[in-house]
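The values are calculated or read from the model by the stated rules, or taken from the named source; none is laboratory data. Bear in mind that the values here come from a model prediction, so they are computed numbers and not experimental data. With ideal geometry, Cβ positions are generated from the backbone for all residues, glycine too; neighbour counts draw on all protein chains shown.
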Amino acid sequence: MKQFLYFIRKEFYHLLRDRRTLFILFGMPVMQIIIFGFALTNEVKNSRIAILDNSKDEATTTIIHQLEASRYFDIVENLNSYSELEPTFQEGVIRMAVVFPEQFQSSLLHTNAAPIQLIADATDPNVANTLTSYASAIIMDYQNSMRETKAFPYAINTELRMLYNPQLKGSYNFVPGVMAMILMLVGAMMTSISIVRETELGTMEVILVSPIVPIRVILAKMVPYLLLSMVNIVSILLISVYILEVPINGSLTLLLFECLLFTLTALALGLLISSISNSQQVAMLISLMGLFLPTVMFSGFMFPIENMPIPLQLLSNLIPAKWFYYIVKDVMIKGTGLETVWKETLVLVGMLIVLLTISIKKFKVRLE
Amino acid sequence: MRTLKILLEKEFRQIFRNPAILRLIFIMPIIQLLVLPLAADYEVRDINIAVVDQDHSSYSRKLTDKISASKYFNLVVYTNSYNEAIREVEKDNADVVLQIPSFFEKNLVKEDGAQLFMALNAINGVKANLGGVYLRSIINDFNGEVRLEWMQLPRFNPQPMIKISSINWFNPLLNYQFFMVPGILVILVTMVGAFLAALNIVKEKEIGTIEQINVTPIRKHQFILGKLIPFWVLGLVILSIGLLLARIFYGIIPEGSFLTVYLFAVVYLLAVLGLGLLISTYTETQQQAMLISFFVMMVFILLGGLYTSIDSMPMWAQIFTKFNPVTYFIEVMRMVVLKGSSLYDIRHHLLIVTGFGIFLNTWAVINYKKRS
């Protein structure tokens, strides 16, 4: 036991004496959660659009004003002819164009029918879809306001309630995701080079000739980073609650416990990477390129997992961040307890055990 | 010139003699390019709905059938208890609850109007919003059918009707892969370029071999060029592989010219490598270099407009993206590959990125010191 404590002390010295790294490790997560918490949103608003108004009458002016007044659109161009449309799209200035035909108002008044064309830049299909439906809704509102106010018979009235996030804030969805991403990457990255650095710099030899057993070497490497991550977890949660205004509706103890469990999994994953790679560069490349994109894509906070092809849905189960994201969403925002997240928790525990076992098995007690 | 040639020989030899790195450089991007675009699809469909039917009338059943027949909704729960439905939402089994209260049919027919209640899981605000819109339009359709049953409609439009037709240009099938592949390609080129360049000089510092270079008559700019060119070549090779894969697996053939893509990539890589070099002149160990370049890259990539639209970001983030080379390359790739924009259309992008390249590389050269 005493031997183990000495080792932990050694690792602490390693960590604490490299001021620059320490500073980055504390500063980075804080900066990231602030930047991404505010800036990342899959909402679509302030999209630049162009208007091609061939009619220029009262009706088109009113519709244009209503489009402008909504927070979804920013009218940046007024075009004069159809031929200007394509070049404007190609310059990448606008996302959608609204085209009014000639005599819009008069045909609307006399024949009770008039067309409007919405042309969307579908290079981003998500934005194209959303913009089209928002613009349609605004135009429909105008149409309904033109109709007589007589109530329809046999009307079904639908009342709508937004659960958990009545203001539809993007941060409710993104903060749990960003938390998962940061804890995963920082955790895995820190430990991924810890073992291989000793090999690369030659200090591993000293450890190997000592009587300490591999499991203790590995656990000792985890402890300081775990403490550091706990500081990070607390600061991330404080920022989420007080700056990003995402509430913690469930039990704080449970949330902290789950964060800790997830961090341990990340650290174990890093250790595994460290014990299978032969240089710091390789370890870093694996933990960055191998973890960054998959964590972003498969945790479910950017892209809905149910839309993916079945093999990828199965693959996503291997990503610890996916499970953690579910847990944080449930505990933090829905405010549910362990009874709804026990399965996900067990999955994380299982992953932790498997990862630790493999990295201990893979730990080389001999130099090559 | 000869010095540079020898330096380049050394660098290439170093890269090719480390098979682990080489494998990572080539295989990882390929796998990611093949797998990730398949996963990137955020169209809202397959919304799980729980219907709370307290009416049990023919209308309530007809409405339920209509909803479960639509391609947007999966009926997962059909119950008469609201609480049970909400529990399903808590367990993430259902996204939407539609409550059909008792006497729905009777009220609709006898009282001329009836009420429905809808509750949506709004943690993902966009999904909730669109889910609400879809469900409402189904209910409106249903409403229209009911009305037809009970009253005769006049033949001509009795009231003004605006007909909205929407067209999707440049990607008429709304294929998400067309959107994601060019962007992911940019990320891969950037990550390989910036990381390796940053790690490379620092490695010489950490292991101590930089001393040997410092005592030779090699000039600063020669040294930097010697570090830069190999990764510049690698970046272009990865880009070419990526374009080839995009063509084979996703059928993406650039609408614009390859020349435009490559010209921009050449300049862009210069800027990104400059960034990597700059980081490496400020750090002492590989760990530091990696952490910093990771942080910078993560911010650049996530705010680069690959995943979320830049238009929707707050003002300060939009200003930041003006200084983000990744944004420019992603935009250019999408413009040239999907819209067929020409060199003239991307002239501003090209100019700005050239500026970044010159600025970052000059800074790196100035900051690199030959003495310790």
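Among the residues of the stretch A:61-83, the ones that are within 17 Å of A:Q117 (Cα to Cα), surrounded by 15 or more Cβ atoms within 10 Å (Cβ to Cβ) and either in contact with a Leu (Cβ under 7 Å, 6 or more places away or on another chain) or not polar (S, T, N, Q) (or both) come to 7 in all.
From the list A:M181, A:M140, which one is closer than 30 Å to B:G125 by Cα, under 34 Å from the mean Cα position of the chain (by Cα), more than 7 Å from chain B (Cβ to nearest Cβ) and at pLDDT 85 or above? Before you say what the answer is, go through the steps one by one.
Values: A:M140 fails: at pLDDT 85 or above.
Of A:M181, A:M140, the one residue that is closer than 30 Å to B:G125 by Cα, under 34 Å from the mean Cα position of the chain (by Cα), more than 7 Å from chain B (Cβ to nearest Cβ) and at pLDDT 85 or above is A:M181.
Exactly one residue among B:L234, B:L277, B:L225, B:L259 is touching a Gly at 6+ places or on another chain (Cβ under 9 Å) and either over 30 Å from A:G37 (Cα atoms) or touching a residue at least 60 places away in the same chain (Cβ under 8 Å) (or both), and that residue is B:L234. Can you tell me which of (1) within 22 Å of the chain's Cα centre (by Cα); (2) more than 26 Å from B:I207 (Cβ to Cβ); (3) crowded, with 21+ Cβ neighbours inside 10 Å; (4) in contact (Cβ under 8 Å) with a residue 12 or more places away in the chain is the one A:S287 doesn't meet? Of (1) within 22 Å of the chain's Cα centre (by Cα); (2) more than 26 Å from B:I207 (Cβ to Cβ); (3) crowded, with 21+ Cβ neighbours inside 10 Å; (4) in contact (Cβ under 8 Å) with a residue 12 or more places away in the chain, only one is false for A:S287: (2).
B:V126 satisfies every condition listed in (1) modelled with pLDDT of 80 or more; (2) touching a helix residue (DSSP H, G or I) at 6+ places or on another chain (Cβ under 8 Å); (3) not basic (K, R) except (1). With respect to (1) more than 8 Å from chain A (Cβ to nearest Cβ); (2) at pLDDT 80 or above, the lone exception for B:F179 is condition (1). Of all residues in the stretch B:48-65, at least one satisfies being over 24 Å from A:R161 (Cα atoms), exposed (fewer than 15 other Cβ atoms within 10 Å of the Cβ), out of contact with any Pro (no Cβ under 9 Å at 6 or more places or on another chain) and without any contact (Cβ under 8 Å) to a residue 60 or more places away in the chain.
Taking every residue in the stretch B:286-306 that is under 22 Å from B:P182 (Cβ atoms) and pairing it with any residue that is of a type in the set (D, E, K, R), at least 6 positions away or on another chain, the pairs with Cβ-Cβ distances below 8 Å are B:G305/B:E331. Checking each residue in the stretch A:248-282 for being at pLDDT below 85 and either part of a helix (DSSP H, G or I) or closer than 17 Å to A:V231 by Cα (or both) picks out A:S275, A:I276, A:Q280, A:Q281, A:V282.
Return yes when B:A198 is modelled with pLDDT under 85 and crowded, with 24+ Cβ neighbours inside 10 Å and no when it is not. If you could, list the steps in order and put the result at the bottom.
Numbers: modelled with pLDDT under 85: yes; crowded, with 24+ Cβ neighbours inside 10 Å: yes.
Here the answer is yes, as B:A198 does meet what is asked.
Checking B:I30, B:I47, B:I100 one by one, the residue that is in contact with an Asp or Glu (Cβ under 6 Å, 6 or more places away or on another chain) and within 30 Å of B:F178 (Cβ to Cβ) is B:I47 and no other. For A:L293, the test of being facing another protein chain (nearest Cβ under 8 Å), over 25 Å from B:A94 (Cβ atoms) and of a type outside the set (D, E) is passed. Looking only at residues in the stretch A:96-126 that are at the interface with chain B (Cβ under 7 Å from one of its Cβ atoms) and either out of contact with any strand residue (DSSP E or B) (no Cβ under 7 Å at 6 or more places or on another chain) or not aliphatic (A, V, I, L, M) (or both), the one that is surrounded by the most Cβ atoms within 10 Å (Cβ to Cβ) is A:D121. Out of the residues in the stretch B:321-332 that are assigned to a helix (DSSP H, G or I), more than 10 Å from every other protein chain (Cβ to nearest Cβ) and of a type in the set (A, V, I, L, M, F, W, C), which is surrounded by the most Cβ atoms within 10 Å (Cβ to Cβ)? Step by step, filter the stretch B:321-332, then rank; the result is B:F329. I'd like the full set of residues that are assigned to a helix (DSSP H, G or I) and in contact (Cβ under 8 Å) with a residue 24 or more places away in the chain, limited to the stretch B:237-256. Correct list: B:I238, B:L239, B:I241, B:G242, B:L243, B:L245, B:A246, B:F249, B:Y250.
Yes or no: the stretch B:201-210 includes at least one residue that is part of a helix (DSSP H, G or I), assigned by TED's automatic domain parsing to the domain that holds B:D345, in contact with a helix residue (DSSP H, G or I) (Cβ under 9 Å, 6 or more places away or on another chain) and under 17 Å from B:L270 (Cβ atoms).
So the first thing to find is which residues in the stretch B:201-210 are part of a helix (DSSP H, G or I), and the list is B:201-207, B:210.
Among the residues that remain, those that are also assigned by TED's automatic domain parsing to the domain that holds B:D345 are: B:201-207, B:210.
If we keep only those that are in contact with a helix residue (DSSP H, G or I) (Cβ under 9 Å, 6 or more places away or on another chain) as well, we get B:201-207, B:210.
Add one more test, that the residue is under 17 Å from B:L270 (Cβ atoms), and what stays is B:201.
Yes - at least one qualifying residue is present in the stretch B:201-210.
Listed by position, the helices (runs of 4 or more DSSP H) enclosed by the stretch A:286-350 include none that has at least 2 residues that are at pLDDT below 85 and touching a strand residue (DSSP E or B) at 6+ places or on another chain (Cβ under 7 Å).
Number of residues in the stretch A:184-206 that are without any contact (Cβ under 8 Å) to a residue 24 or more places away in the chain and either away from chain B (no Cβ under 11 Å) or among the β-branched types (V, I, T) (or both): the value is 3.
In this structure, does B:G235 turn out to be in the same structural domain as B:V332 (by TED's automatic domain parsing) and over 16 Å from B:M333 (Cα atoms)? No. I'd like to verify a number: residues in the stretch B:303-320 that are in contact with a Leu (Cβ under 9 Å, 6 or more places away or on another chain), within 17 Å of A:N126 (Cα to Cα) and not in a loop (DSSP other than H, G, I, E, B), how many? Matching residues across the stretch B:303-320 total 1.
Only residues that are out of contact with any helix residue (DSSP H, G or I) (no Cβ under 7 Å at 6 or more places or on another chain) and facing chain B (nearest Cβ under 10 Å): list them for the stretch A:75-92, please.
A:L85, A:E86, A:P87, A:E91
For the stretch A:32-52, give me the residue count where each residue is more than 15 Å from the chain's Cα centre (by Cα) and either farther than 17 Å from B:L306 by Cα or of a type outside the set (S, T, N, Q) (or both). Explain how you work it out, then say what you get.
Looking only at the stretch A:32-52, we keep the residues that are more than 15 Å from the chain's Cα centre (by Cα), and these are A:44-52.
Filter once more, so that each one left must be either farther than 17 Å from B:L306 by Cα or of a type outside the set (S, T, N, Q) (or both): A:44-46, A:48-52.
Counting residues in the stretch A:32-52 that are more than 15 Å from the chain's Cα centre (by Cα) and either farther than 17 Å from B:L306 by Cα or of a type outside the set (S, T, N, Q) (or both) gives 8.
When the stretch B:340-351 is filtered for residues that are surrounded by 15 or more Cβ atoms within 10 Å (Cβ to Cβ) and either without any contact (Cβ under 8 Å) to a residue 60 or more places away in the chain or in contact with a strand residue (DSSP E or B) (Cβ under 9 Å, 6 or more places away or on another chain) (or both), only B:D345 remains. Residues that are assigned to a helix (DSSP H, G or I) and of a type outside the set (A, V, I, L, M) were ranked within the stretch A:210-228; the one that is surrounded by the fewest Cβ atoms within 10 Å (Cβ to Cβ) is A:R216. From the list B:V146, B:V97, B:V192, the lone residue that is buried (at least 17 other Cβ atoms within 10 Å of the Cβ) and in the same structural domain as B:L273 (by TED's automatic domain parsing) is B:V192.
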